[in-house]
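Everything on this sheet refers to the single structure shown next.
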Amino acid sequence: MLTSFKPMFQGWDYLPLVIDDWLEDSSEVLTWLAIDESDNNKLIAMAQAYEIEPGDWYLRGLRSNPLSNSFQNGIAVISLSKRIKREVIARGAIQVRYGTLDYYNESLRLGSILGFREHFRLAHGNYAVKPMIKEIDKQLEVTVPDNPDPIHVYLSQGSSLQPVENYFFTWWDTRKMKISYLADAKSENLLFQVKKDGGLTGAAMFWHVPWQKFLVLSVMEGSDDALIVLFNKAMERVHELECTSFGITHPSMAEMHRREELFGLPIYGCFTIQLIRKK
């Protein structure tokens, strides 16, 4: 059943890795299945949503069966759209967000059918685990901060990251960075600061995806020397967490490519398209 979705994603789909967890009873997520009862309960379409913050929901796992005919898929997706809207609004949703890669055309088509419109593009690159690179400034000290407050000030007020309108996940938006996100990262040893002569020269917050064995370098700001030291620390955590790959994100593809060069990584990148549907 799940393998029929793979053509949507160029032969790979993460859904089989998480479907058992997704189908468990939960008061925190909503899961929808469109099934053809006349054809041995064949799965035609599915989706799941969860609340990021009050009023703000995220849709994931949006799929339609490429082995079903287009009319059947169309009816299923439209029915799914109406039910999703009705049920998330009943839960207090003001907006629903959805993200996919810019070359997943079928996924983008489904999002459009459900009423989503492009909201923001985030550059990213994924890489296999690589050896740590040599630090270039031994005077730089990288540590997990005792208190996330100075990091919050640094990222929200002193960062070099340029303001981006309608930035997607709020924990990647340094203008809206919440202390709670930083505190959570600190508790997992995923929040780091770089100091030189007692002054803060860089900071980073990483995001671990255990089921995917993946570490995202989601926010990393500072001088180039500080960025290199923070990248080294990220590679340490990649190995400690037994990740098989890691990713870099940034609103600017040009800046992401510059950092790839700085870190000795292949120059690579594509966009995650973030879409939004208002109430």
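The values are calculated or read from the model by the stated rules, or taken from the named source; none is laboratory data. Here the structure is a predicted model, which means the values were calculated and not measured. Neighbour counts run over all protein chains shown; Cβ positions are idealised from the backbone, glycine included.
Does region 239-253 contain any residue that is surrounded by 14 or more Cβ atoms within 10 Å (Cβ to Cβ), touching an Asp or Glu at 6+ places or on another chain (Cβ under 7 Å), in a helix (DSSP H, G or I) and among the hydrophobic types (A, V, I, L, M, F, W, C)? Looking for residues that are surrounded by 14 or more Cβ atoms within 10 Å (Cβ to Cβ), touching an Asp or Glu at 6+ places or on another chain (Cβ under 7 Å), in a helix (DSSP H, G or I) and among the hydrophobic types (A, V, I, L, M, F, W, C), one finds none in region 239-253, hence no.
Of the residues examined, residue 236 is one that is in the same structural domain as residue 131 (by TED's automatic domain parsing), part of a helix (DSSP H, G or I) and within 19 Å of residue 192 (Cβ to Cβ). Checking the stated criteria, residue 252 turns out not to satisfy the condition of being over 19 Å from residue 140 (Cα atoms), free of Cβ contacts under 8 Å to residues at least 24 places away in the same chain and among the polar types (S, T, N, Q).
Surrounded by fewer than 21 Cβ atoms within 10 Å (Cβ to Cβ), under 23 Å from residue 122 (Cα atoms) and over 22 Å from the mean Cα position of the chain (by Cα): does that describe residue 197? When the stated conditions are applied, residue 197 does not pass them. Look at region 66-81: where a residue is closer than 18 Å to residue 32 by Cα and a partner is modelled with pLDDT of 85 or more and of a type in the set (Phe, Trp, Tyr), sitting 6+ places away or on another chain with Cβ atoms under 9 Å, you get 80/32. Taking the criterion of being under 20 Å from the mean Cα position of the chain (by Cα) and at pLDDT 90 or above, the residues of region 235-253 that qualify are 235, 237, 238, 241, 242, 243, 244, 245, 246, 247, 248. Between 247, 222, the distinction of being at positive phi and not hydroxyl-bearing (Ser, Thr, Tyr) belongs to 222 only. A Cβ distance below 8 Å, combined with a sequence gap of six or more or placement on separate chains, defines the contacts here; from region 48-63, residues that are assigned by TED's automatic domain parsing to the domain that holds residue 12 reach residues that are outside any strand (DSSP E or B) and of a type in the set (Lys, Arg) in the pairs 51/91; 57/91. Looking at residue 259 and the list (1) out of contact with any Lys or Arg (no Cβ under 9 Å at 6 or more places or on another chain); (2) surrounded by fewer than 18 Cβ atoms within 10 Å (Cβ to Cβ), which single condition is not satisfied? Result: residue 259 passes all but (2).
If I filter region 20-38 for residues that are touching a helix residue (DSSP H, G or I) at 6+ places or on another chain (Cβ under 9 Å), loosely packed, with under 13 Cβ neighbours inside 10 Å and farther than 23 Å from residue 278 by Cβ, do I get at least one hit? Checking region 20-38: at least one residue is touching a helix residue (DSSP H, G or I) at 6+ places or on another chain (Cβ under 9 Å), loosely packed, with under 13 Cβ neighbours inside 10 Å and farther than 23 Å from residue 278 by Cβ.
When the residues of region 262-279 are narrowed to those that are crowded, with 17+ Cβ neighbours inside 10 Å and out of contact with any Gly (no Cβ under 6 Å at 6 or more places or on another chain), which ends up farthest from residue 126 (Cα to Cα)? Among those that are crowded, with 17+ Cβ neighbours inside 10 Å and out of contact with any Gly (no Cβ under 6 Å at 6 or more places or on another chain), it is 276.
Counting residues in region 44-63 that are over 24 Å from the mean Cα position of the chain (by Cα) and over 19 Å from residue 275 (Cβ atoms) gives one or more.
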